[in-house]
Amino acid sequence: MRRSRRPSGPVPLPPTWRKYRDTELYYGTRSEVGMPESFQDFLRRREEASNDYIRGNPDALAGMLTERDPATFMPPTGAVVEQAGPVRDAQVKGASAFGPGSSGYFEVLSSGSSGALGYWTGRQVATMDVKGQDEAVPMVLRITEVFRLEDGEWRLIHRHADITPPPKD
């Protein structure tokens, strides 16, 4: 029976991660050696970015948006935005409607990743501080988001959000 022998020293990195080969990062943690963040860890950061966004700060979300086509955004208004530049502009601009008193969370119904693609679907539940409104606005959005692994980072390439209809009496 042939036994495989683990080489002494660090295991060679795949070609896309070789930029770290000659640095101390080669011996570090998963993210330090250029290995992609787990998709589940990324989704936790995505929810944090969403909470910043609904408080009027789009910076964390902007850092997660793709700069490569194809990209799409279908906001609750019913608009359809295509291509990475216009999608980025529309997403960033949207945060300006919200104030610092908003709070929210994701109800993830399903999520997963395979290779360079990941997704989550569910609801985004929030109490919104909408500029120009005297009272907080409750909001429940049905969400589907798709992500692509680009240069070791998960990037948002598609977001579809629509307002959940009120329950029928």
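Before we move on, is Ser31 modelled with pLDDT of 95 or more, at negative phi and not acidic (Asp, Glu)? It would help to see each step written out before you state the result.
Numbers: modelled with pLDDT of 95 or more: no; at negative phi: yes; not acidic (Asp, Glu): yes.
Criteria not met by Ser31.
Can you name the residue in the range 128-164 that is of a type in the set (S, T, N, Q) and either in a strand (DSSP E or B) or over 22 Å from Pro100 (Cβ atoms) (or both) and is also modelled with the lowest pLDDT among such residues? Talk me through it step by step, then tell me what you get.
Just the residues of the range 128-164 that are of a type in the set (S, T, N, Q), to begin with: 133, 144, 164.
Then drop every residue that is not either in a strand (DSSP E or B) or over 22 Å from Pro100 (Cβ atoms) (or both), which leaves 144, 164.
Values: Thr144: 98, Thr164: 87.
So, considering only residues that are of a type in the set (S, T, N, Q) and either in a strand (DSSP E or B) or over 22 Å from Pro100 (Cβ atoms) (or both), the one modelled with the lowest pLDDT is Thr164.
So Arg88 ticks every box in (1) in contact with a helix residue (DSSP H, G or I) (Cβ under 8 Å, 6 or more places away or on another chain); (2) part of a strand (DSSP E or B); (3) not acidic (Asp, Glu) but one. Which box is left unticked?
(2)
Among the listed residues Arg55, Arg68, identify the single one that is at pLDDT 95 or above, out of contact with any His (no Cβ under 7 Å at 6 or more places or on another chain) and closer than 30 Å to Asp134 by Cα. Talk me through it step by step, then tell me what you get.
Values: Arg68 fails: closer than 30 Å to Asp134 by Cα.
The conditions single out Arg55.
Tally up the residues in the range 94-120 that are in a strand (DSSP E or B), within 17 Å of Leu61 (Cα to Cα) and not small (Gly, Ala, Ser), please.
Of the residues in the range 94-120, the ones in a strand (DSSP E or B) are 98, 103-114, 117-120.
Cutting the leftovers down to within 17 Å of Leu61 (Cα to Cα) gives us 98, 103-106, 118-120.
Going one step further and asking which of them are not small (Gly, Ala, Ser), we end up with 98, 105-106, 119-120.
Here the count works out to 5.
What is the one condition in (1) at pLDDT 95 or above; (2) closer than 16 Å to Gln40 by Cβ that Ser102 does not satisfy?
(2)
The values are calculated or read from the model by the stated rules, or taken from the named source; none is laboratory data. No experiment lies behind these values; they were computed from the predicted model shown. For neighbour counting, all protein chains shown are included, and Cβ atoms are generated from backbone atoms with ideal geometry for every residue, glycine included.
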